[in-house]
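Colleague: Right, I'll just put the structure down here and ask away after.
The values are calculated or read from the model by the stated rules, or taken from the named source; none is laboratory data. Bear in mind that the values here come from a model prediction, so they are computed numbers and not experimental data. Heads up, the Cβs are rebuilt from the backbone with ideal geometry, glycines too, and the neighbour counts pull from every protein chain shown. Areas reflect the complete protein model, heavy atoms only, side chains present, ligands, DNA and RNA absent. Shrake-Rupley method; radii C 1.70, N 1.55, O 1.52, S 1.80 Å.
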Amino acid sequence: MNTELGWISLLPSLLAIVFAILTRRVVWALLGGVLLAHVLLFMPAFGTGLQSGVISLGEVLIAPSNQLIWGFTLAIGALFGVLERGGTFGHFVTALQQKQWVPNRRRARLFTWILGVLVFIESNVSIMTSGTTSRPVYDRLGISRQKLAYIIDSTCAPVCILIPLNAWGAFNLGLIGNQGVSDPISTLVAAIGLNFYAIIALFLALFVAWSGWAFGPMRAFEQQAQQRYEAEPHHHATDAVNRGAVATVIISLVTMVLMVPVMLWYTGDGSMIAGKGMLSVFVAIIVALVIAIIGSVITLRTSAKLIISAILRGAWKILPLAIILWMAIALGDATRTLGSGEYLAGVLNASLPVWLLPALIFLLSALTAFAIGSSWGTFAIMLPLAIPLAVGLDLPVALFVGASLAGGIFGDHSSPISDTTIIASLASGSEHIDHVRTQLPYAFLAAALATIAYLIAGLMVSG
């Protein structure tokens, strides 16, 4: 098996990204990447490589560790299916308009940003909650779904990494602790303020939400949404609002958020840090689904037939996402076996000036995350390399941890094969590649500013 192929190990991910952007066929692009990765692993035995690729797809699909991912994905589709088709969401949106909470575009964008920040327990939950809740409001006010996708994508992962009382924090604490750091918690907390990309991306999204600033491909989609809005007749929301239906939406979503830390505490035997993240999220979504079903039946007399139809349609609607996630996970596993991350990290040359190292760590981490589409996979690759480097050079460990985490968040935020990017497209109702194209200019701007910040930080610690 070939596991040290150098730059060739990057081809499966890079070609998958390019093919997905050019053809818009994300599933086929990822499938091709998986098969190519396994062909490279076993070359020149082409047939053996293809067979290995097919087997790996089956193994990923039935792996016990992935079952909760499929369950979580389908369950959240069912939840929002019940809220939408059951009718409670319609009353909720009407109430928002009648109470003048989101009477204009600025308020709508700020509402989305605030909602994305508040639901900080898990990135995909944050995206689905803020995206699905905001989408009908954006459609009514003439804001593009691509702008919605950008705002929710720019709040989910950045907030989750900046507030580590979740599965993200537990995962990174384990990685930091395994490197012999004496106080992992203090190091992770200190690294939060040095995660320049996450901070800049979050506040750039706030500026965009406040101002409506659009540049690059985003401008065209905003103009199209504005033209559609001006061409359609409008009326103020005067429909009667069922308060019970509104309460159903609020209670189900709030319960979903609050149940996650409760389950983390329960599964961690009194420690949220030690809790089981995916299980906690899955249970929280199921509880929210039950509340949504009961609330729909009680307040709107929704029939059992409609509830079942809403569950099935909601799950079916999100099934393409589950397939894409399946392919993305298989591709990530293959690229890790190929040693793609290790090759990129190996580009690091210790003979470079010390002040360049934080920025270089960030850029290598960002490139790795963009190529493999996984922030957690990037953390697992970069932290074991960055921490010993900082210790060996007697430099602040927290700065190198922050740079590694920041690069991982860039990839999670911008890579076409990242699960959060994919889910943001689904939750907003945007074409996936349209979301990628419109978001990248903002992501690159935040990355450029973060690079400058790491250069300044490097000069300060090396002086």
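Colleague: What are the ³J(HN,Hα) couplings of segment 405-419, residue after residue, when phi is run through the Karplus curve with 6.51, -1.76, 1.60 and θ = phi - 60°? Round to Hz, x for glycine and proline.
Modeller: Those phi angles translate into 5, 4, x, x, 5, 4, x, 4, 7, 10, 5, x, 9, 7, 5 Hz.
Colleague: For segment 375-415, count the residues as N, evaluate 2.2 N^0.38 Å, and divide the Cα radius of gyration by that value, please. Please report the intermediate quantities before stating the final value.
Modeller: Numbers: Rg = 10.4 Å, N = 41, 2.2 N^0.38 = 9.0 Å.
Here the answer is 1.16, to two decimals.
Colleague: While we're on this one: Can you order the peptides 450-460, 280-290 by their average number of other Cβ atoms within 10 Å per residue, highest first?
Modeller: Numbers: 450-460: 18.7, 280-290: 22.5.
By packing density, highest mean first, the sequence is 280-290, 450-460.
Colleague: Separate question: How long are the three semi-axes of the equivalent ellipsoid of segment 21-86, in whole Å, if each is the root of 5 times an eigenvalue of the C-alpha gyration tensor, listed from largest down? Kindly include the intermediate steps, with their values, before the conclusion.
Modeller: Details: eigenvalues 215, 55, 8 Å².
Its equivalent ellipsoid spans semi-axes of 33, 17, 6 Å.
Colleague: Right, next: Evaluate 2.2 N^0.38 Å with N set to the residue count of segment 357-447, then give the Cα radius of gyration divided by it. Walk me through the numbers on the way to the answer.
Modeller: Values: Rg = 14.2 Å, N = 91, 2.2 N^0.38 = 12.2 Å.
Dividing the Cα radius of gyration by 2.2 N^0.38 Å gives 1.16.
Colleague: Which ³J(HN,Hα) values, rounded to whole Hz and listed in residue order, are derived for segment 434-443 from phi using the Karplus coefficients 6.51, -1.76 and 1.60 in 6.51 cos²θ - 1.76 cosθ + 1.60 with θ = phi - 60°, glycine and proline given as x?
Modeller: Those phi angles translate into 4, 5, 4, 5, 6, 7, 3, x, 5, 5 Hz.
Colleague: Taking only protein heavy atoms into account and a 1.4 Å probe, give the accessible area per residue of the chain in Å².
Modeller: So the chain comes to 41 Å² accessible per residue, rounded to a whole number.
Colleague: When the dipole is taken about the Cα centre of the chain, and only Lys, Arg (+1) and Asp, Glu (-1) are charged at their Cβ, what size is it in debye, to the nearest 20?
Modeller: Working: 22 positive and 19 negative charges, 301 e Å.
Magnitude of the dipole: close to 1440 debye.
Colleague: Angle, helix 167-177 long axis vs. longest principal axis of the chain, Cα atoms, 0 to 90°, nearest 10?
Modeller: On a 0 to 90 degree scale, this one is about 10.
Colleague: While we're looking at this one, here's another question. Place +1 on the Cβ of every Lys and Arg and -1 on the Cβ of every Asp and Glu in the chain, take the dipole about the Cα centre, and give the residue among VAL39, ILE323, ALA366 whose Cα lies farthest towards its positive end.
Modeller: Result: ILE323.
Colleague: If you look at just the Cα atoms of the chain, how large are its Rg and its Dmax in Å?
Modeller: 22.3, 71
Colleague: Measure nothing fancy, just the Cα-based angle from helix 277-300's long axis to the longest principal axis of the chain, in degrees from 0 to 90, nearest 10.
Modeller: The two axes meet at around 10 degrees.
Colleague: Follow-up question, since we're still on this one. In degrees, nearest 10, range 0 to 90: what is the angle between the Cα axis of helix 46-62 and the longest Cα principal axis of the chain?
Modeller: The angle comes out near 50 degrees.
Colleague: If Lys and Arg each add +1 and Asp and Glu each add -1, what is the summed charge of the other residues whose beta carbon sits under 14 Å from the beta carbon of ARG109? Let's see the in-between values first.
Modeller: Details: positive: ARG105, ARG106, ARG107, ARG135, ARG140, ARG145, LYS147; negative: ASP139, ASP153, GLU222.
After counting each charged neighbour, the total is +4.
Colleague: Determine, for the chain, the count of lysine pairs separated by eight or more sequence positions (or lying on different chains) whose alpha-carbon distance falls under 30 Å.
Modeller: Working: LYS99/LYS147; LYS147/LYS317; LYS276/LYS317; LYS305/LYS317.
The result is 4.
Colleague: Residue by residue through segment 79-92, what is 3J(HN,Hα) from phi via Karplus (6.51 cos²θ - 1.76 cosθ + 1.60, θ = phi - 60°)? Round to whole Hz and write x for glycine and proline.
Modeller: 4, 6, x, 5, 5, 7, 6, x, x, 5, 5, x, 5, 5
Colleague: Positive end of the dipole of the chain, charges at C-beta (+1 Lys, Arg; -1 Asp, Glu), about the Cα centre: which of ALA247, ILE456, ALA75 has its Cα farthest in that direction?
Modeller: Farthest towards the positive pole: ALA247.
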